Amino acid sequence: MTYHNSFFSSSFQSFLKLNSIGGLKIRLNELKPSIDKYFICGIVLILLGFLILFTNYIDSFVTQLLWPLLEGSSEGKTVLFLWMLGSTIIITSYIRNNNVIHKKLYKNQNQYSYLKYAIILLIISAFIGLFIEAYIRYSFGVSFFTILTSMNPTTSTTSPMHSHAFKSVLGIIANYVVPSHVNTGSSILQYVMPYALVIVIIWPIIYLLGILEISNMRDLHRFVAIVALCVTLIGLIDGGLFSQPFLIGFGFLLLVYFSNEKIGIKYFINPVVIMGFILLIGILIEVGGSDTTCHTLTVVNQTEPVDMTEFNVTNIKVKDNTTIYTLNSTTPDKILIKQVFAKFKDKSDLTFMSWNFYSYLDNPTMRMRQNHSI
């Protein structure tokens, strides 16, 4: 009897021990993230970003490939996009594969609540950037419909249609990381402080909210949302509300939100209406703010005379520390503003130049307006 009791007792203890070990293994498996194809893909994208940043092998090819999405003329946006894309894939993959974290994050969460808050913060931040552009011009007493060019220490531009107000804040950090040929926009920082510092807080919060929502999505929607989130955040800091990356990314985020992980034409209605409203505002500013008769160039703190004969100057007005030139030029804005760069570099602090949307169009109406103003 004693033998049987001891036998059953030892067997029962062994059974409990095996079960506890098994349970421990199961628990450890829940905590241990699995290295899957998404993790490897994220690492490859990050390494590709470093390759483009520090070498010249494929930077031109990749930049041109991503241009329709990022509207980037240098590798700066391309590198940031690859880093963000790779990091987001890794983080979301980790959360999805870690059962303990996944259960805690999504136990009582309403579907797409994180994404809703991210979208709200995105649109608020974009309009803050537009208000900062208005504030700068109000401070210098110039028109809202102008392109600001800061000359020191490096040449950088910003405008309501393509704002670098937030980029200048992050540019202070980027200056220590990226090569010198990448324009970080840091010279604009002195004119947007302290209001633009809000991006230091809002940008990470938006990214975190996006991560939390994306990690709980199905494969198709997760892939679209990852790309859209990265593109939108890049557009927010480099271009602002009306930039190509912001509009593309924000539109797809709206589509993911309103589709509720379903596919159908009807889910395009709300995103199209919202994006149409944003585009309407952009068109009104771009076209309505155009000066079709001449270009007005306001130069702040000009330190020495500049030869302006090539610009067909029709009037010069000096007021306090500003010099206002009226230019009757037929040169398209993109070329004209580069010529202004060269003329006033190291000879002024900054300039404001009005724009003419129609200068990008070679048509009889434009030529008639230009000839009429001569």
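Atom-type composition of the exposed protein surface of the range 246-365 places 62 percent of the accessible area on carbon and sulfur (1.4 angstrom probe). Legend: calculated FRET efficiency, residue 143 to residue 200, from the Cβ-Cβ distance at R0 = 25 Å, rounded to 0.05, equals 0.25. The P(r) of the range 219-324 has a tail past 22 Å containing 55 percent of all C-alpha pairs. A simple rule links phi to the HN-Hα coupling: the Karplus curve 6.51 cos²θ - 1.76 cosθ + 1.60 with θ = phi - 60°, which for the range 151-168 gives 9, 10, x, 10, 6, 9, 10, 7, 8, x, 7, 8, 8, 10, 4, 6, 4, 5 Hz, with x for Gly and Pro.
Reducing the range 321-355 and the range 53-132 to their Cα centroids gives an inter-centroid distance of 36 Å.
Applying D = kT/(6 pi eta Rh) to the range 131-223, where Rh is the Kirkwood radius over alpha-carbon pairs, T corresponds to 10 °C and eta to 1.306 mPa s, the Stokes-Einstein value obtained is 106 µm²/s. Of the solvent-accessible surface of the range 91-240, computed with a 1.4 Å probe over protein heavy atoms with every protein chain present, carbon and sulfur atoms account for 66 percent.
Classify the range 76-130: rounded, prolate or oblate, from the alpha-carbon gyration tensor (a ≥ b ≥ c, eigenvalue square roots; a/c under 1.5 rounded; otherwise prolate if a/b is larger than b/c)?
Taking the square roots of the gyration eigenvalues as a ≥ b ≥ c, the range 76-130 is oblate.
Size descriptor for the range 267-366, Kirkwood hydrodynamic radius: 15.5 Å (Cα pairs only, one decimal). Shape call for the range 48-162 from the C-alpha gyration tensor, a ≥ b ≥ c root eigenvalues: rounded (a/c under 1.5), prolate (a/b greater than b/c) or oblate? Oblate, since a/c reaches 1.5 and b/c is not below a/b. Built from the Cα atoms of the range 275-333, the convex hull projects on average onto 5.6 nm², one quarter of its surface area. Once the Cβ-Cβ distance of residue 309 and residue 41 is raised to the sixth power relative to R0 = 45 Å, the FRET efficiency obtained is 0.20.
For the range 40-100, what is the per residue volume of the convex hull drawn over the alpha-carbon atoms, in cubic angstrom?
76 Å³
Residue pairs exceeding 21 angstrom between C-alpha atoms, taken from 77/116; 103/262; 116/266: 77/116; 103/262. Kindly identify the range 181-226 as rounded, prolate or oblate by the Cα gyration tensor criterion: order the square roots of the eigenvalues as a ≥ b ≥ c, call it rounded if a/c is under 1.5, otherwise compare a/b with b/c, prolate if a/b is larger, else oblate. Taking the square roots of the gyration eigenvalues as a ≥ b ≥ c, the range 181-226 is oblate.
Estimated translational diffusion coefficient (Stokes-Einstein, Kirkwood radius over Cα pairs, 25 °C, 0.890 mPa s) of the range 210-259: 230 µm² per second. With a Förster radius of 25 Å applied to the beta-carbon distance between residue 218 and residue 270, the computed FRET efficiency rounds to 0.80.
The values are calculated or read from the model by the stated rules, or taken from the named source; none is laboratory data. All values reported here derive from a predicted model rather than from experimental measurement. Every residue, glycine among them, receives a Cβ derived from its backbone with ideal geometry; neighbour counts consider all protein chains shown. Accessible surface is based on the protein model in full, side chains and every heavy atom, while ligands, DNA and RNA are left aside. Shrake-Rupley method; radii C 1.70, N 1.55, O 1.52, S 1.80 Å.
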